[in-house]
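The values are calculated or read from the model by the stated rules, or taken from the named source; none is laboratory data. Keep in mind that this is a model prediction, so the values were computed, not measured. Heads up, the Cβs are rebuilt from the backbone with ideal geometry, glycines too, and the neighbour counts pull from every protein chain shown. When the accessible area is computed, the model is the full protein with side chains, heavy atoms only, and any ligands, DNA or RNA have been set aside. Shrake-Rupley method; radii C 1.70, N 1.55, O 1.52, S 1.80 Å.
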Number of protein chains: 4
Amino acid sequence: MSVLVLTTGGTIDKVYFDASSEYEVGEPTVPHVFREAGVALDWRLESLMRKDSLEINDEDRAAIRAACEAAPESRILITHGTDTMSITAEKLTGISGKTIVLTGALAPARFKTTDAIFNLGLALGAVQSLPPGVHLAMNGTIFEAGKVCKNREAGRFEATGP
Amino acid sequence: MSVLVLTTGGTIDKVYFDASSEYEVGEPTVPHVFREAGVALDWRLESLMRKDSLEINDEDRAAIRAACEAAPESRILITHGTDTMSITAEKLTGISGKTIVLTGALAPARFKTTDAIFNLGLALGAVQSLPPGVHLAMNGTIFEAGKVCKNREAGRFEATGP
Amino acid sequence: MSVLVLTTGGTIDKVYFDASSEYEVGEPTVPHVFREAGVALDWRLESLMRKDSLEINDEDRAAIRAACEAAPESRILITHGTDTMSITAEKLTGISGKTIVLTGALAPARFKTTDAIFNLGLALGAVQSLPPGVHLAMNGTIFEAGKVCKNREAGRFEATGP
Amino acid sequence: MSVLVLTTGGTIDKVYFDASSEYEVGEPTVPHVFREAGVALDWRLESLMRKDSLEINDEDRAAIRAACEAAPESRILITHGTDTMSITAEKLTGISGKTIVLTGALAPARFKTTDAIFNLGLALGAVQSLPPGVHLAMNGTIFEAGKVCKNREAGRFEATGP
């Protein structure tokens, strides 16, 4: 089994630059996390963009969808900012034969206390185990695309609708 | 969906006591890791035993199986030492209607560099996504029970046989 | 021996808020770091302000000096942003009978990789050991006030002049 | 100013080997910690031995003393196991013109929660600031050799005598 990891930016990859107190999306953190966890699965990284998810627009979403469709892999893990992750997830539904799982983090992977490492594990476990379709992996939970949204005040993802 | 977390000991829960340089299995680390990762799923902890997996015997395995069978939950995550994890996995096959995923760690969760947090995420993602059956979640990979063993020299789990 | 810890803000206390991607000076990190290090010395915290050091002005520096003069302790450790730490240090020279050491961090204490914990140790070691006077403790080095500046491009403090 | 770092083993350098659950003194952790803290001071490492401090005998202490006497540096930081650190400290008194500071850790540097990094900072701050003599840097405190012992039950160092 082979997994494609598509990175698009978001808090999970945020870094902090002291000189100017800037806070920017940096290099994908996935290779570092996978190495530390001893991931022995066959996987490939494609870094599509480095954006806050509030800046991701329809064109970006079309590019993400195109990358999923073009990929030889049938299992795709996408890292994405949390604010619009559920919107992107909905735009990816209906791609035949592909299991897609989106994840991200509420605190940067470079923090001492972060959900990034756990969430990447969660998503990698789900993407290997689910049938084709689109899911979100956040807060220890696997949500179906279209049935989840971020509760910004509570700082967590919640199931929606019936 | 509700998940039962059964803990049995192993490196994942190892702690170090300075005074006597002892190195023992301590409190389950799962509640701490789940809290830090913001796990919002419904889950319950049952701490069955605290053993190095080399000390886990047939009686212990029978107790683990009985706990799985008796659990009201149909999704069960088991933390276990790595040395005999694949043996325990095989002993749990054939329980009808239960999705069981075993995981553990090569380095204690209390270490700065550890696979414990990632592995717990990996197992939690898989246990929510798989149909009934028994699997191992290690090295970023979901293995089927009976088709995996630990390569002690390489320090990782590998698929076996055809 | 009793040590006063004066906090003024700076990167060492920076926290990150996801919802709005704000990045602000938070609670002093010193109590947490001292607890984890098992500090058994008698010490007292006074949180004077929470500012980026680029925002610290002459009035603030007068307040810091007044707090040093008024303190019953003769040993004072000050945490401060790095950009103007050397300026504040110079403004504190000439207080009779007080050993003052300033420190801070180039990466927030809440990061996985940070100089904050080491620097607080460095400053606490120096403030107990030096005669009255003002010093900076950064980059593993104890500098005399007036003979040090931050090299922003290199991201480190360097001795100046003869 | 140039500092010699002599390493002798102890908990600070302990590592854990999964395969056999051994727990041994590993490579000195100092270079890693100094790099992460951006130490820009001139320093040199000499790894004398790798022992639990309960195994350090009179011959070892003579070797440590000889290394201090032979060193071109006048400032020497020694890492040492905590159980007999105060004994070694006493054996090093009376070396003319040398400022010697011993430190170690109650939890290995490779742990998520450890006093090792703070203690190395503490010792490096003290060794640059003190006049010739022998001191211990533990629990955030600079103790004079001969006036300190480890309280094993409380797990901390305490001043002794008058």
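In a Gaussian network model over chain D where Cα atoms closer than 10 Å are linked, find which of D:Arg75, D:Arg152, D:Arg50 has the largest mean-square fluctuation.
D:Arg152
Who wins for biggest fluctuation among C:Gly104, C:Gly81, C:Gly26 in a Gaussian network model of chain C, springs between alpha carbons below 10 Å?
Top of the fluctuation ranking is C:Gly26.
Given region D:98-162, what percent of its DSSP beta bridges are antiparallel, to the nearest 5? Each step should come with its number before you reach the end.
Numbers: 8 of 12 bridges.
Within region D:98-162, antiparallel bridges account for around 65 percent of the total.
List the distances, in nm to one decimal, from the label point of B:Met49 to the label points of the same position in every other copy, shortest first, placing each label point 7 Å from Cα along the Cα-to-Cβ direction.
4.1, 5.4, 6.2
Give the shape of region A:32-127 as rounded, prolate or oblate, defined through the alpha-carbon gyration tensor: a ≥ b ≥ c are the square roots of its eigenvalues, a/c under 1.5 means rounded, and otherwise the shape is prolate if a/b is larger than b/c and oblate if not. Mind dumping the intermediate values first?
Working: a/c = 1.93, a/b = 1.20, b/c = 1.61.
Verdict is oblate for region A:32-127.
Taking only Cα atoms and a 10 Å spring cutoff, compute GNM fluctuations for chain A and point out the largest among A:Thr82, A:Thr11, A:Thr93.
Sorting by GNM fluctuation, first place goes to A:Thr93.
Which residue of chain D is nearest the rotation axis onto chain A, counting by its Cβ, and what is the distance in whole Å?
D:Lys112, 4
Largest first and in whole Å, give the semi-axes of chain B's equivalent ellipsoid, each being the square root of 5 times a Cα gyration tensor eigenvalue. Show your work: numbers first, answer last.
Details: eigenvalues 98, 67, 50 Å².
Semi-axes (√(5λ), whole Å): 22, 18, 16.
Just check region C:104-152 against the gyration tensor rule for me: Cα atoms, a ≥ b ≥ c as the square roots of the eigenvalues, rounded for a/c under 1.5, and otherwise prolate or oblate depending on whether a/b exceeds b/c. Numbers along the way, then the final one.
Working: a/c = 3.29, a/b = 1.46, b/c = 2.25.
Oblate shape, in that a/c is at least 1.5 and b/c is the bigger or equal ratio.
Sequence neighbours fewer than 8 away in the same chain don't count; with that in mind, list the lysines whose C-alpha is under 19 Å from C:Lys112.
Of all the lysines, those that pass the test against C:Lys112 - Cα under 19 Å, at least 8 places apart if same chain - are A:Lys14, A:Lys112, B:Lys112, C:Lys14, D:Lys112.
Can you work out the FRET efficiency for the pair D:Ala154 and A:Asn57, with r the C-beta to C-beta distance and R0 = 56 Å, to the nearest 0.05? Could the numbers behind the result be given before it?
Numbers: r = 60 Å, r/R0 = 1.07.
So the FRET efficiency works out to roughly 0.40.
Can you give the accessible area per residue of region A:2-159, in Å², using a 1.4 Å probe? Show your work: numbers first, answer last.
On the way: 5770 Å² over 158 residues.
For region A:2-159, the solvent-accessible area averages 37 Å² per residue.
Work out the FRET efficiency for A:Glu90 and C:Leu41 from their Cβ-Cβ distance, taking R0 = 41 Å, and round it to the nearest 0.05. Kindly include the intermediate steps, with their values, before the conclusion.
On the way: r = 57 Å, r/R0 = 1.38.
Rounded to the nearest 0.05, the efficiency is 0.10.
In whole Å, how far is the Cα centre of region D:52-101 from that of region D:123-162?
For region D:52-101 versus region D:123-162, the Cα centre distance is 14 Å.
What is the local net charge at A:Ala109, summed over the other residues whose Cβ is closer than 12 Å to its Cβ (Lys, Arg +1; Asp, Glu -1)? Kindly include the intermediate steps, with their values, before the conclusion.
Details: positive: A:Lys14, A:Arg110, A:Lys112, C:Lys112; negative: A:Asp13, A:Glu27, A:Glu36, A:Asp115.
My count for the surroundings of A:Ala109 gives 0.
Can you give the % of DSSP beta bridges in chain B that are antiparallel, to the nearest 5?
Values: 12 of 33 bridges.
If I count the DSSP bridges inside chain B, around 35 percent turn out antiparallel.
Can you give the calculated 222 nm mean residue ellipticity of the protein assembly as shown, where each DSSP H run of n ≥ 4 adds -39,500 (n - 2.57) and the sum is split over every residue, rounded to the nearest 500 deg cm²/dmol? List each step's numbers first, then the result.
Values: 16 runs with 164 residues, N = 648.
Mean residue ellipticity at 222 nm (helix-derived): -7500 deg cm²/dmol.
If we hang a label 7 Å off Cα along the beta carbon direction at B:Glu69, how far is it from the matching labels on the other copies, in nm, shortest first?
Computed spacing set for this position: 5.2, 7.4, 8.2 nm.
Around D:Ala40, with a cut-off of 10 angstrom between Cβ atoms, what is the net charge of the other residues, counting Lys and Arg +1 and Asp and Glu -1? Walk me through the numbers on the way to the answer.
Working: positive: C:Arg156; negative: C:Glu158, D:Asp42.
Around D:Ala40, the charge tally is -1.
Tell me the distances, shortest first, between C:Glu27 and the same position across the other copies, using label points 7 Å along Cα→Cβ, in nm to one decimal.
Copy-to-copy label distances for C:Glu27: 1.9, 3.4, 3.7 nm.
If I take every Cα pair under 8 Å that is 6 or more residues apart in region D:2-159, average their sequence separation and divide by the length, what percent do I get for the relative contact order? Don't skip to the end; give the middle numbers.
Values: 314 pairs, mean separation 37.8, N = 158.
Relative contact order for region D:2-159 comes out at 24 percent.
Any idea what the dipole of chain D comes to, in debye rounded to 20, about its Cα centre with Lys/Arg Cβ at +1 and Asp/Glu Cβ at -1? Working shown, then result.
On the way: 16 positive and 21 negative charges, 81 e Å.
Charge dipole, chain D, about its Cα centre: 380 debye, nearest 20.
Please check which bits of region C:83-107 a label hung off C:Met1 would reach, taking the label as a point 7 Å along Cα-to-C-beta and the cut-off as backbone N under 17 Å.
Backbone N within reach: C:97-103.
Calculate the translational D of the protein assembly as shown in whole µm² s⁻¹ from Stokes-Einstein, where the hydrodynamic radius comes from the Kirkwood formula applied to all Cα pairs, the temperature is 25 °C and the viscosity 0.890 mPa s.
Numbers: Rh = 26.5 Å.
It diffuses with D of about 92 µm²/s by this estimate.
Counting only DSSP beta bridges with both residues in region D:53-144, tell me the antiparallel percent, nearest 5.
30 percent
Provide the net charge surrounding A:Leu4, with neighbours chosen by a C-beta distance below 9 Å and charges set as Lys +1, Arg +1, Asp -1, Glu -1. Display every interim value, and only then the final one.
On the way: positive: A:Arg44, A:Arg75; negative: A:Glu46, A:Glu73.
Charge balance near A:Leu4 sits at 0.
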